[in-house]
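One structure below.
Please treat every number below as a calculation from the coordinates, not as lab data. Since we're looking at a predicted model, the values are computed, not measured. So basically every Cβ, Gly included, is an ideal-geometry build from the backbone, and we count neighbours across all protein chains shown.
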Amino acid sequence: MKKLFFVFLIPIIVFAIDSCANSKEDTSGALGQMDQTLDQPNATDDKVNPNIPIVAISSCYLLDNSSIDNSSVDNSTITDNSTINNSTVKNCSTVSFSRIASSTIDNSTITRSTVDNSTISYSTSDNSTIDNSTASKSRVDNSTLYYSTDDNSTFGSSTIRFSTTCFSTIDNSSFDNSTVCYSTLDNSTIRLTIIDNSSIYHSTTDNNSTILKSTLTSSTIDNSSLDNSTVTLSTIDNSTLSYSTSDNSTIRKSVISYSTACYSTIDNSTLDNSTVCNSTLDNSTISISTLDNSTINNTTLTNSTTCNSTIDNSTIDNSTVCNGSVVMSIVNRTVQNQIMTESVAPTLSSISPVDSASSTSCTTTITVTFSEAMKLTSVTSNTDNTSCSGSIQVSANSFSSSCVQMTSGDPTTSDNRTFTVTPSTALSNSETFKIKVTTGSKDTSGNPMSSDNTTGTGFTTSGSGKNGC
């Protein structure tokens, strides 16, 4: 019985394949009838399975409501609730409203379908779901990827979850629990995702994402970690920045370490081992950092250096505050264990006796007044002998061979600005003495005088018998 059945069946198969090769659609229903015939139970079946070869469909243009298993589909259209299993779809084929599982899709188009556990390359997917698959060098639009891997593809208006995407271009898409590397993201939403060596524009990063070695522009970063990245024109909230650079951005409630933030606004944040320039800091904590040309409000600085800045209502502990020619304003602050420095060199305000003075007493004292408070240990005189040493010197021979020895303990001061020295013995009568103040004199910030200052003509003592001479 079965032998007669197959003798009858073989001409039908030949006829069906010949019809498929010369028409765009199986209008005769031969393929469907063949499937029904193969599936009919037979009471007299001897249960020996026929050995039918794998059929490669290479020129049929439309497969409608079909099941394709362990086959190769070439340059064809598969649509309307078809199923493709363990097969290869290639060469400009189209799959729509169907399910693809454990197959290879090459140089084809997938629309409004579900792809599971398959490989997609050089193809286009639109309005589809891709699950547990690998995509490379393809375009995916308006689709959802789950537990998949993508390489060197383009995404638009898609949802990518629990997947890996590398070397891709992503626009207006959503990432969740995924990994993105060496890609460009624009107008996208990123959640619980790792982004490495990528560029992010006009996007939102949220919920414990990690951004490594990437560039972010005009984006919003919330509850995320940035490492070795560059952030520009963005908003960063509740995040951690390390070894990163921020420019023209807003940083709030974040931790910044080993990073640089310039032209930014930093609020309610903690900075550690970082550099801040041309920025505004408010309600923050700064430690072991450098701040330059910034505004600091309601902030605590510890073990840090702040230059050319305005500090208001802040606490400065064990830090250095400095400025150049810019006036620094420190208002309503607590200053503790700090060094406040500036770089303006001190000058001489006056010297007495004045230049060209005559009939000066031989027992006169010499007084020097500086423009600011001076470092006491830098203003000195020679009290041991007649050599020309010390920062205040008096000489009758233009400092060529000897100077006047001063009284032990000189110079003396009451305000650290005006210093007085007294000759240890009376000066010679009718003699002219010059006064020199050297660059050894330094202000409390350690700035020396810009040059030695020596009187032009000097003062002259009175003659014998006059003014103690």
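A few points about this structure:
- Placing unit charges on the Cβ atoms only, positive for Lys and Arg and negative for Asp and Glu, gives region 345-469 a dipole magnitude near 80 debye about its Cα centre.
- Selection from 155, 266, 217 lying farthest towards where the dipole of region 147-270 points positive, charges on Cβ: 266
- Calculated translational diffusion coefficient of region 345-469 (25 °C, 0.890 mPa s; Stokes-Einstein with Kirkwood radius over alpha-carbon pairs) equals 170 µm²/s.
- Subtracting the Cα-Cα distance of residue 372 and residue 337 from 0.36 nm times their residue separation leaves 10.4 nm of extension gain.
- Rounded to the nearest whole Hz, the Karplus-based 3J(HN,Hα) values (6.51 cos²θ - 1.76 cosθ + 1.60, θ = phi - 60°) of region 197-205 follow the sequence 6, 10, 10, 10, 10, 6, 10, 10, 10, with x at glycine and proline.
- Residue 388 long-range amide H proximity, modeled H, under 5 Å: 403
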